[in-house]
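Here, each number is a calculation from the coordinates, and none is a lab measurement. Since the model is a prediction, treat every value here as computed from it, not as a measurement. Using ideal geometry, Cβ is built from the backbone for each residue, glycine included, and neighbour counts are taken over all protein chains shown.
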Amino acid sequence: MTEAGGSADEAAVEQVITLARSLQLRLPAAGEEAHARASALLALLEPILVDTAAPRHDPAGHGPGPGPDPQQLTSMAAELPAIVRNWCAATGRSESAFRASRTRFLRGHDVAVEFPVRTLVRALHQRLRDVGAIDRDRKVSLVWTDGRPSMTLPIRIPGWTAVALPAQPVVLASQYVHHEFGHVIEVASRPAHWSLLDRWQVSNLAAETAAMVVEALGRDERWLRELGIEPRAATQAAGYCTHEDRYNRALAALIILCDQTPVHRRARLVTELTDGLIEAGHPQEEAGRATYWRTLLAAYSAADELRQSLIRRYGDRWADQERAWQRLRGLLRGTGARPRTGQTGRPDHAGETEQAGQAGQAGQTAGPLVPC
Ligand SMILES: [Zn+2]
C-alpha cells in the first residue's frame, strides 16, 4: 500500500515484508521444493518480524478489573438466543445455518452481498491519513490471507506496520478492516526505540480498546458511504456488524461465566442460557482463554466510554476531525505498557525517536486506555 509513484526502494521493502509475512502465516506454497525454499527464506527474513507466538499480556495490576458480576454476566449471556434470532431475521438466515457452522454464519459467507473489502481498505487508509489518524509517511504492508484471522503487528523496518486480512468479500469485513486499522494507529503510537518484542507485548487492554473505537466506525453507515461504499452495501455492513458486536459481547460474558462455573455444571449452563443454540463444547473450550475474553469484555466497555467522550467533545462526527484523532493518539502515547526491566531484544532502530520523550520513558505507566 505504498503511494503510487513511491520509490522503487519502498516497493522492494513492501515486497520483502509481504513475502516474510506470507511465509510466517504459512500461506500455501506450491509443491515440496517451493516449501523448502520458503522455509529457508523465512529463516533469513525472520528478524524483520516479531514472533507472533510471544504472549501478549497485561502487567499485574493493569489488566482488566473485576468486570461484571455473575448476575450481570448471566443476563448478558442470556441475550444470546434473541441476538442470534434477530440476526437471522435481519439477514434472512435460519438458526440451523448458525448451528451448522458458526464461523460461516458470523463472517457472513452465506449472506448474498459482495462487500468490496479491497475498496474499503484503500479508502479507509487514505481517509485515516487525510484526518491525521495515521502519519502520511507511515507505510502499511498488507497481506491478504485465505481466511485466517486478521492481525496487525509491529515490524523491525522503521515506519512500517504489517497487517494480515482475509480477502473474502464478506460483510463482516467492515468490522475487521476497521479493527485492524485501529491497531495500525495504536502500533504506530509505540515508541520507536522500544525493542520489537516490547512493541508487540503492550497492554492488550489498551490495544484492543483503541482498535474497538475505530471498529465502531465500521458500523457507521454514513462513514462507510463517505468512504465510497455504495449505499446498499453500507447499510448491510453497518447492520450486520452491529449484530456481530452484540453477539460477541454476549458470547464473552458466556465464556467468562463458564470459567467461573464448576466444570460439571458448565454444559447445562450453556444449554439453558442459549436455548441449546450453542453446543456446550465451544464456550467450555474457550473458558481456557478466559483471561483473553475478560480483557475483550473490559475493552468493549472502555471503548464505549472513550467513544462517548470523543462524541461529547467533538460531536457525532468526531472521526472527521483531526483534533479528535490527535487526542486519541495522545491517549495512546500515554498508555500501553512499560518495557520490562532489561529490555528484551536489541532496539530496532535507535535513530528513530520521534515518539521517545512522550512515552516509553522511565515512569511510563501501563494500563487501560481511558479518557482523561
Ligand atoms: Zn484486536
Karplus-derived 3J(HN,Hα), 6.51/-1.76/1.60, for each residue of the range 240-247, Hz, glycine and proline x: 4, 5, 5, 4, 5, 4, 4, 4
Angle in degrees between helix 290-314 and the longest Cα principal axis of the chain, rounded to the nearest 10: 80
Antiparallel bridge percentage (DSSP; both residues within the chain; nearest 5): 45
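Rank-order 149-155, 160-166 by packing density, defined as the average count of other C-beta atoms within 10 Å over each peptide's residues, highest first.
Packing order, densest peptide first, comes out as 160-166, 149-155.
Of all the C-alpha pairs in the chain, what % are more than 33 Å from each other?
32
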Cα long-axis angle, helix 31-45 against the chain (0 to 90 degrees, to the nearest 10): 60
In the range 75-170, the GluC sites (Glu not before Pro) that fall in loop regions by DSSP, at most 11 other Cβ within 10 Å: Glu114
Tilt relative to the chain, helix 263-274 - C-alpha long axis, 0 to 90 degrees, to 10: 80
Listed residues Asp245, Asp137, Asp259, most fluctuating in the chain (Gaussian network, C-alpha, under 10 Å): Asp137
Residue-averaged [θ]222 nm for the chain, counting only DSSP H segments that reach four residues, each worth -39500 (n - 2.57): -17000 deg cm²/dmol
